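Have a look at the structure below before the remarks.
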Amino acid sequence: MRRIAIIQGNPDPKGGHYDHALARAYAESAEQAGHTIRVLDVAQLEFPWLRTEADFNSGGVPSGIRDSQEVLREADHLLIVFPLWHGTMPAVLKAFFEQTFRPGFAMEPRPGKLPRRLLRGKSARIVVTMGMPAPLYRWIFRAYGIKCLNRSILWWSGISPIRTCLIGNVARRNTGYHQRWLDRMRAWGACAR
């Protein structure tokens, strides 16, 4: 059985969005299959945003972020769920990753060499919801915002494999469409993928 950390990246602290339903479907199925689930709801966390390179490299880590780092350190697999905002992740989710994936936690700088990747052995699935059709975002916009998370943050930390799922047209009123994605999340949760 695997330990799974779910990073809920929807910035609305009230919840109740499709992103929340997707994460909940995954979590319920994973728990039924015997996996351990910990949820980090970024909208509920209090932390300052990093503003200088010195803060990023050597500033103090806020307690909520330190707790999040411990959850991520213990996890075997990460599920990251968020809505697409202006082609990328919401600002508060980016700020969370900047605070959390700092030197000493995600990677260890080595003079004259590539950094040591400290989160090796973990896998991740990124699930992104959007109003536009997913192929439009993937092929016309080249999914640039997701590539940033995938390559600049997760991969450099040693997380692999990283699977990406883009769910487009979420504003559709077709409940069958939404249900198919919820069913797919349940299937992924059961096998911790």
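The values are calculated or read from the model by the stated rules, or taken from the named source; none is laboratory data. Note that the structure is predicted; figures quoted are calculated from it, not measured. Because the Cβ atoms are built from the backbone with ideal geometry, glycine has one as well, and the counts that use them run over all protein chains shown.
Would you be able to say whether some residue in region 55-64 is farther than 22 Å from residue 165 by Cα, of a type in the set (D, E, K, R) and in contact with a strand residue (DSSP E or B) (Cβ under 9 Å, 6 or more places away or on another chain)?
no
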*Looking at 15, 64, which is the one that is at positive phi, surrounded by 13 or more Cβ atoms within 10 Å (Cβ to Cβ) and free of Cβ contacts under 8 Å to residues at least 40 places away in the same chain?*
15
*Sort out which residues of region 18-47 are in a loop (DSSP other than H, G, I, E, B) and either touching a residue at least 24 places away in the same chain (Cβ under 8 Å) or hydroxyl-bearing (Ser, Thr, Tyr) (or both), and write them in order of number.*
33, 34, 35, 45, 47
*asked:* Just the residues that are buried (at least 19 other Cβ atoms within 10 Å of the Cβ) and not in a loop (DSSP other than H, G, I, E, B), please, taken from region 124-144.
replied: 124, 125, 126, 127, 128, 129, 137
*Under 6 Å by Cβ, and 6 or more places apart or on different chains, what pairs join a residue from region 67-87 that is in contact (Cβ under 8 Å) with a residue 24 or more places away in the chain with one that is outside any strand (DSSP E or B) and acidic (Asp, Glu)?*
81/19; 83/19
*What residue, among those in region 90-115 that are at pLDDT 95 or above and in contact with a strand residue (DSSP E or B) (Cβ under 7 Å, 6 or more places away or on another chain), is surrounded by the most Cβ atoms within 10 Å (Cβ to Cβ)?*
93
*Quick one: would you say residue 94 is under 25 Å from residue 37 (Cβ atoms) and in contact with a His (Cβ under 8 Å, 6 or more places away or on another chain)?*
no
*Would you be able to tell me the number of residues in region 153-176 that are among the small types (Gly, Ala, Ser), surrounded by fewer than 17 Cβ atoms within 10 Å (Cβ to Cβ) and not in a helix (DSSP H, G or I)?*
3
*When you scan region 51-114 for helices (runs of 4 or more DSSP H) that lie fully inside it, which ones turn up with 2 or more residues that are farther than 28 Å from residue 192 by Cα?*
53-58
*What tally of residues in region 76-89 results from selecting those that are within 22 Å of residue 46 (Cβ to Cβ) and either over 13 Å from the mean Cα position of the chain (by Cα) or surrounded by fewer than 17 Cβ atoms within 10 Å (Cβ to Cβ) (or both)?*
1
